[in-house]
């Protein structure tokens, strides 16, 4: 099953392996335009049925890390066109992950020095990287956020829609809306962070209102069957507090996405445990609620683990992260049960080709 093709009414993939989105910080922060190094990196990994790009900030204020390539202007779209052309030349398909880091950010990362945007004024208990006095990255606590006003929320929705339009212009095969991992849309979802008393706070429907309004705005630019939404049930990353009713929360959203005929729901298990448990309730509940393709992510490294969740019918595609970093030919290695090269976390976010494009194929 893992190496079988997949298709929906809008898209055909040659296998069911997805390269998961992973921040790699190889762009120039000044312009956030993807460069030749980034093009080569994705070209090497085009054997995946689908590549989901690293998170692409939809505006300057959406940035939360140093040197991440972005997608809010024409120059960035032109840079990504080189990437998608390279991936397509190798027979691959690629989605742009649209990203707003929200409170996981620092004013030093924003051209106008603006404070991080948040669902509320509650800061994130996490760090980010900013330019140090010598220009080299330094780790600092995330900055004090400012709760978005209603007018600013409308602006964020427009930014996602504009980025989606640029993604189509840049030749992407679809887009993923990043609603997971403690970033802005997850901050609105989280009742421990979102203390708003307007239409975007309080009830579950209100806390998911921004995400769904973004989905609707993006769907005006991209065919719904080419849209994915990422969620991270039970996730505590970037200062999140466990959802008090996860088996209510995430299936509720899944039903709303299903009603909109979205193509993909991407579920990331940050702890790489419960998603592998046949008896766990979450994946069956999501399957009942969502009739498009479910992408499962979190600790999948071997064909048997991938095949098991596919055989249960709890997922249609398997997203793999870190093994793709050190194995550009990961699909073929898995197909032939070849050994996997180890990754080097010391250079996950470093500049240059080392630990990025210099991992050899078999």
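Quick note: the coordinates plus some simple rules give every number you see, no bench work behind them. A quick note: this is a predicted structure, and the numbers were derived from the prediction, not measured. Backbone-built Cβ (ideal geometry, glycine too); neighbour counts: all protein chains shown.
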| task | Could you bin all the Cα-Cα distances of the stretch 1-64 into 10 Å bins starting at 0 and give me the percent of pairs in each, rounded to whole numbers? | result | 18, 42, 28, 13, 0
| Percentage relative contact order, the chain, counting C-alpha pairs under 8 Å, at least six apart | 17
| query | Taking neighbour counts of Cβ atoms within 10 Å as a proxy for exposure, in what order, fewest first, do 56, 286 appear? | reply | 286, 56
| Where does the Debye-calculated log10 I(q)/I(0) of the stretch 291-362 sit at q = 0.24 Å⁻¹, using only Cα point scatterers of equal weight, no solvent? | -1.06
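Would you list 101, 297 from fewest to most Cβ contacts within 10 Å?
297, 101
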| task | Can you tell me how much longer the chain between residue 340 and residue 5 gets when fully stretched, taken as 0.36 nm per residue apart minus their C-alpha distance, in nm with one decimal? | result | 118.3 nm
| query | Between 172, 300, 264, which gets the highest mean-square fluctuation from a Gaussian network model of the chain, Cα cutoff 10 Å? | reply | 300
| message | Please compute one quarter of the surface area of the Cα convex hull for the chain and express it in square nanometres. | response | 16.0
| request: Please find, in a Gaussian network model of the chain (springs between Cα atoms separated by less than 10 Å), the residue of 260, 45, 26 whose mean-square fluctuation is greatest. | output: 260
| remark: Looks like the stretch 56-203, by Cα gyration tensor root eigenvalues a ≥ b ≥ c and the a/c under 1.5 rounded cutoff (else prolate when a/b is bigger than b/c, oblate otherwise), is oblate
| request: Please build a GNM for the chain, connecting alpha carbons under 10 Å apart, and tell me which residue among 163, 89, 293 fluctuates the most. | output: 89
| query | Projected area of the stretch 65-133, taken from the Cα convex hull and averaged over every viewing direction, in nm²? | reply | 6.5
| request: Determine the distance separating the Cα centre of the stretch 164-242 from the Cα centre of the stretch 72-101; give it in Å without decimals. | output: 20
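Expressed as cubic angstrom per residue, what is the convex hull volume of the alpha carbon set of the stretch 198-344? List each step's numbers first, then the result.
On the way: hull volume 20.0 nm³, N = 147.
Per-residue hull volume (Cα only) is 136 Å³.
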| query | Using r as the Cβ-Cβ distance of residue 216 and residue 114, and R0 as 25 Å, what FRET efficiency do you calculate, to the nearest 0.05? | reply | 0.45
| query | For 149, 120, what's the fewest-to-most ordering of other Cβ within 10 Å of each Cβ? | reply | 149, 120
